[in-house]
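Worksheet for the structure shown next.
The values are calculated or read from the model by the stated rules, or taken from the named source; none is laboratory data. Note that this is a predicted model, so its numbers are computed, not measured. Here the Cβ is made from the backbone with ideal geometry for all residues, glycine too, and neighbour counts use every protein chain on show. Each accessible area value is taken on the protein alone, full model and side chains, heavy atoms only, with ligands, DNA and RNA left out. Shrake-Rupley method; radii C 1.70, N 1.55, O 1.52, S 1.80 Å.
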Amino acid sequence: MMILAYPYALFLLLLPFLFYRLLPAVKGLHGDALRVPFLADLQRINIAAGGLWRVDAASGGISRRFWPVYLIWALLCIAAARPQYVGAPLPLKNDSRDIMLVLDISTSMLEPDFTFGNRRITRLDAVKAVVSSFADKRADDRLGLVLFGTRAYLQAPLTFDKASIKDILYAMQAGMAGDSTSIGDALALALKTLSGQKGDKVIILLTDGENNDGSLSLGQAIKMAADEGIKTYTIGVGSPNIFFGMLRLAAPGVDERELKLLAEATEGQYFRAESTADLQKVYDLINQLEPTDGDARYVRETTELYYLPLLSAIILGLGLIFVWRRIG
């Protein structure tokens, strides 16, 4: 589709006729002539061309030699109006987020206190299924993966490749990073990975225990997260009880106080999940709290064409000067 960026520039097409009507004529070598304020050597060309601006005695109008010059003026006016070719609308990719998934894979994640389809599964199996589903919903985001136990490991840098993230999730095993829990080190590694990245950055940290190992205390890691200003959602998983037959014992607790402090310090939220359904609801809620921009936005490719009439005006002007000088 052709458009003009500055269509009002076409009103300049009337300017020479306004000059002709409003400005007084001057006496010259060839009778009455119109004083024109542009094209410095027009007067000399006019003389050589036999009176470009004189009044045609037969028609009472402007000499026919005026029209080639007016054509140049018209081309310049069209160039000033900036003709453009605008292509079909193309969808613009939505803004994405960088999300680091920080998952506890200590041996306590083997506790079979979650259920799926009326059968007991481990906490880790529930996490694999729910987080994989969450990854599928974040098509426009880059995801990264940090797994931690005694030590923290960056298993996947930020990537759009959700298939690779899911492959790692299903391959991870409890205890492969150690038996204890280093939440502070894992959080620091996630912060380091996100540091320097532009755009929205989010950390989702899941654990079933408390920080009992590693080089950084959770308090130190919380201060680092607050200084970086990266929103962090924290999830405590696991039932508060362990069953041995008919015997119910208190399970080692999640450090809810520290996880809440971490979430509050980074303007995130803390969630508690004691079942697979709870865990699914938590990730669904986070998915809503960090929505992908769903507004339809489009962009049209624009090609500038002003150079075509401009180049034509220059060529025509040079041609007229050459011809009229030859005549002169």
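Taking VAL127 as the residue in question, decide whether it is touching a helix residue (DSSP H, G or I) at 6+ places or on another chain (Cβ under 6 Å), among the β-branched types (Val, Ile, Thr) and open to solvent by less than 20 Å² (accessible area, probe 1.4 Å). Answer is no for this residue. Cβ separations smaller than 9 Å between residues 6+ apart or across chains give the following pairs from region 188-212 residues that are farther than 23 Å from SER239 by Cα and open to solvent by 10 Å² or more (accessible area, probe 1.4 Å) to residues that are hydroxyl-bearing (Ser, Thr, Tyr) and in a strand (DSSP E or B): LEU189/TYR153.
Scanning for something open to solvent by 20 Å² or more (accessible area, probe 1.4 Å), closer than 30 Å to GLY317 by Cα, at pLDDT 90 or above and in contact with a strand residue (DSSP E or B) (Cβ under 7 Å, 6 or more places away or on another chain), does region 68-83 turn up at least one residue? Yes, because at least one residue in region 68-83 is open to solvent by 20 Å² or more (accessible area, probe 1.4 Å), closer than 30 Å to GLY317 by Cα, at pLDDT 90 or above and in contact with a strand residue (DSSP E or B) (Cβ under 7 Å, 6 or more places away or on another chain).
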